[in-house]
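The values are calculated or read from the model by the stated rules, or taken from the named source; none is laboratory data. Treat the numbers as computed from the prediction; the structure is a model and nothing was measured. Note that we place each Cβ from the backbone using ideal geometry, even for glycine, and neighbour counts take in every protein chain shown.
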Amino acid sequence: MNIKKENIEIYVRNLVKKFGSFVANDHLNFEVYKGEIFGFLGANGAGKTTAMRILCGLSHPTSGEITVAGYDVYKQTELIKKNIGYMSQKFSLYEDLTVIENMELYGGIYGMSRKHIRERAGELLSRLQMEHTRKVLIASLPLGWKQKLAFSVAILHQPRIVFLDEPTGGVDPITRRQFWDLIYEAAHEGITVFVTTHYMDEAEYCDRVTIMVDGRIDALDTPGLLKERYQAANMNDVFIKVARPDFQLTINNEQ
Amino acid sequence: MRTIIFLLQKEFRQIRRNKTILPIIFVMPIIQLLILVHATTFEIKNVKLCVVDQDMSNTSQRLVHRLEGSSFFKITANTFSFDEAQQQLATNKADMIVNIPSGFSNDLIKENHATVQLIPNAINANFATLAYSYASNVIFDFNKSILTEWAGNISPQPLKTITTQARFWYNPEMNYKWFMFPGIMVILITMIGMFLSGLNLVREKEIGTSEQLNVTPMQKYQFIIGKLLPFLIIGIFELFLATLLGKLIYGVPLVGSIWVLVAFTFIYLLVVLGIGLFISTMAETQQQMMFIAFFVVIVFILLSGIFTPMESMPIWVQKFNTINPLSYFMRVIRMVMLKGSGFSDLIAEFISLSIYAAAILSLATWRYRKTA
């Protein structure tokens, strides 16, 4: 990670998104640097997915200045889409296609040659130690494997940034750990990782984290500095102190 | 172009693995064409007659035999009581009462005039009209034959009568199946096009893959072509299959050119697929899609003139049919198959359908959004 102005991959100033009178994102400000693993934390309904969808060009912001991979989210969404990968909260590989067929489809859409797709698929599958599943239908694989495959498909075309929306939901701890190994490897390759989660142990793995509460960003720093500032033993405590100050107060009183 | 090839490959792989759609593509045409053509026939046979012969004369008996001799009628009851005959009609044991009053024969000889009463069950007005007119024809023939017979007894020259001879063009045997078959074909192609394309699109929405496709740099037109082309190909395939089945099973001729038929089917499918796509942009679930599509299809089918001649519909309904793609295609397909109409006879329909296709596809493409 290199915190320099020229290494900014995602730039967000005063991002506001309203749905009618409901404010889902209230003046968000942050930057994400190249090769960084940027954790986007928050309770359910805090507005994480909304913000992520805007950054991916799936939804238009109400106002704010936002660039992704150097492109403007208002006018250059198609250019943004060429340079990002996305793994949605909802599992979204085709269940009735095989592993390699899914890879061919997405690789093809991103303009990769068939030869290149084959090479890259082989590389990613061997990293997952899943070469034997090449010709297996997605539907017959366990959820944890599907999630890892979905991630591999999201980075198949070697995007500059990959967006992961709660990628480890419903996955066992061992697979989650393996999943994070994949994220590290991707970051090592130079892919910037933008990940939302509500598992606080996962927050420890991030380079920097933001904590969103009710549409606002209430904290943004490295996990270490956040723990120091909130005098917490782990990210879980940090989260509770940021998101539910009253709740914390009662616990303290009981002590 | 490369993207579209990848999308097509994906669609055909999915269709090949789909255990519901694949049989539908092959079995639906066979079932529809085998069964529905018979079910929708308006030819009537074996009309059940209840005869009330109160005259019991030689003449009345001959009339009854005449009716019985025709292939349209079957005498299921003979009675002298009109009340009993009414009972037969009420319980559906008879379709029509033939009431020959006493004195029928006498009146005919003395007054040169006699009455026979026909009472058809008119719950199905169409059926009643046909049964009535068949019976009237038989009675008319009978009338003519006794007239010549009696006239022959009086004067040596036979009575001069003018007879008309009808020749039915384009369907010389008045084969109802030939008329219905192209209609059922149209329904088949419409359903395959609209339902398969629409459901496919909504399914992607439901399982979330459409969102995954939306974050890719794929263009809207590529997506839409990738979605419509497979069903266009399937639709054309259905046309060939149906034409072949029609020839083999019913001997339905294809008087016109198959290529005219293919060209029109192509444009018509664009319209139908466009409607399917348009509905899918409004529906969030497959149920919603089905419900809307059913509504649209049924309205279009019943208005299209497939079962009833469009000329007998009220003017405003005929006007409504200008926005009913089925009615154009129905006309075209019947004209090409039975009459052998060529392209030059169908320019108006061609222009209308092309405008329709362009309009509905633009509307659907405009409504289909990659962003929310």
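Each residue in segment B:202-217 was checked for being of a type in the set (A, V, I, L, M, F, W, C), crowded, with 20+ Cβ neighbours inside 10 Å and within 14 Å of another protein chain (Cβ to nearest Cβ), and 1 pass. Assess whether A:Lys17 counts as being within 14 Å of chain B (Cβ to nearest Cβ), part of a strand (DSSP E or B) and among the charged types (D, E, K, R). Yes; evaluated as a whole, the condition is true for this residue. How many of the residues in segment A:33-49 are in contact (Cβ under 8 Å) with a residue 60 or more places away in the chain and within 27 Å of B:Ser210 (Cβ to Cβ)? Looking only at that region, the number is 8. Tell me, yes or no, whether segment A:216-225 has at least one residue that is of a type in the set (Ser, Thr, Tyr) and not in a helix (DSSP H, G or I). Yes, segment A:216-225 has at least one match.
Residues in segment A:70-90 that are buried (at least 20 other Cβ atoms within 10 Å of the Cβ) and in a loop (DSSP other than H, G, I, E, B): A:Val73, A:Ser88.
Within the group B:Leu303, B:Leu261, B:Leu273, which residue is farther than 21 Å from B:Arg367 by Cβ and modelled with pLDDT of 90 or more? Exactly one of B:Leu303, B:Leu261, B:Leu273 is farther than 21 Å from B:Arg367 by Cβ and modelled with pLDDT of 90 or more, namely B:Leu261. Checked against (1) touching a residue at least 40 places away in the same chain (Cβ under 8 Å); (2) more than 13 Å from chain B (Cβ to nearest Cβ); (3) over 30 Å from A:Lys18 (Cα atoms), A:Ile66 passes all but condition (3). When A:Arg208 is tested against (1) under 21 Å from A:Phe30 (Cβ atoms); (2) touching a Lys or Arg at 6+ places or on another chain (Cβ under 8 Å); (3) modelled with pLDDT of 90 or more, only condition (2) is not met. Applying the criterion of being over 15 Å from B:Phe231 (Cβ atoms) and within 7 Å of chain A (Cβ to nearest Cβ) to the residues of segment B:1-12, the residue that is modelled with the lowest pLDDT is B:Arg2. The test for being part of a helix (DSSP H, G or I), among the charged types (D, E, K, R) and under 30 Å from B:Asp345 (Cα atoms) holds for B:Glu238.
Within the bounds of segment A:78-101, is there any residue that is farther than 30 Å from B:Arg16 by Cβ, in contact with a Leu (Cβ under 9 Å, 6 or more places away or on another chain) and not aromatic (Phe, Trp, Tyr)? Looking for residues that are farther than 30 Å from B:Arg16 by Cβ, in contact with a Leu (Cβ under 9 Å, 6 or more places away or on another chain) and not aromatic (Phe, Trp, Tyr), one finds at least one in segment A:78-101, hence yes.
Conditions (1) of a type in the set (D, E, K, R); (2) farther than 23 Å from B:Ile192 by Cβ; (3) outside any helix (DSSP H, G or I); (4) in contact with a Cys (Cβ under 7 Å, 6 or more places away or on another chain), marked per residue:
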| site | (1), (2), (3), (4) |
| --- | --- |
| B:Gln14 | no, no, no, no |
| B:Pro29 | no, no, no, no |
| B:Ser60 | no, yes, no, no |
| B:Val64 | no, yes, no, no |
| B:Glu84 | yes, yes, no, no |
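Restricting attention to segment B:257-284, report how many residues are under 17 Å from B:Phe195 (Cβ atoms) and assigned to a helix (DSSP H, G or I). Residues that pass the stated criteria total 16. For segment B:309-324, state whether one or more residues are part of a helix (DSSP H, G or I), in the same structural domain as B:Tyr221 (by TED's automatic domain parsing) and in contact (Cβ under 8 Å) with a residue 60 or more places away in the chain. No: zero hits. The single condition from (1) in contact with a helix residue (DSSP H, G or I) (Cβ under 7 Å, 6 or more places away or on another chain); (2) at pLDDT 85 or above that A:Gly224 fails is (1). The numbered conditions (1) at positive phi; (2) away from chain B (no Cβ under 14 Å); (3) among the charged types (D, E, K, R) are all true for A:Glu166 except (2). Does B:Lys19 satisfy the condition of being basic (Lys, Arg) and part of a strand (DSSP E or B)? In short, no. One residue stands out among those in segment B:218-271 that are of a type in the set (Phe, Trp, Tyr) and away from chain A (no Cβ under 14 Å): the one that is nearest to A:Gly107 (Cα to Cα), which is B:Phe231.
Among the residues of segment A:69-84 satisfying the criterion of being within 29 Å of A:Trp145 (Cα to Cα) and among the aliphatic types (A, V, I, L, M), which is nearest to the other protein chains (Cβ to nearest Cβ)? The selected residue is A:Ile84. Condition test on B:Phe104, is it closer than 22 Å to B:Thr59 by Cα, modelled with pLDDT of 75 or more and surrounded by 15 or more Cβ atoms within 10 Å (Cβ to Cβ)? The answer is yes for B:Phe104. Among the residues of segment A:85-105, those that are closer than 18 Å to A:Ala186 by Cα and more than 7 Å from chain B (Cβ to nearest Cβ) comprise A:Gly85, A:Met87, A:Met103. Here B:Asn92 meets the list (1) outside any helix (DSSP H, G or I); (2) buried (at least 16 other Cβ atoms within 10 Å of the Cβ) almost entirely, failing just condition (2). Taking the conditions exactly as written (over 30 Å from B:Phe82 (Cβ atoms), in contact (Cβ under 8 Å) with a residue 24 or more places away in the chain, surrounded by 18 or more Cβ atoms within 10 Å (Cβ to Cβ) and more than 14 Å from chain A (Cβ to nearest Cβ)), does B:Val37 satisfy them or not? Considered against the rule, which asks whether it is over 30 Å from B:Phe82 (Cβ atoms), in contact (Cβ under 8 Å) with a residue 24 or more places away in the chain, surrounded by 18 or more Cβ atoms within 10 Å (Cβ to Cβ) and more than 14 Å from chain A (Cβ to nearest Cβ), B:Val37 comes out as yes.
Among the residues of segment B:297-315, those identified as crowded, with 17+ Cβ neighbours inside 10 Å and at negative phi are B:Val297, B:Phe300, B:Ile301, B:Leu303, B:Ser304, B:Ile306. Residues in segment B:13-29 that are surrounded by 14 or more Cβ atoms within 10 Å (Cβ to Cβ) and more than 10 Å from chain A (Cβ to nearest Cβ) were compared, and the one that is farthest from the chain's Cα centre (by Cα) is B:Ile21.
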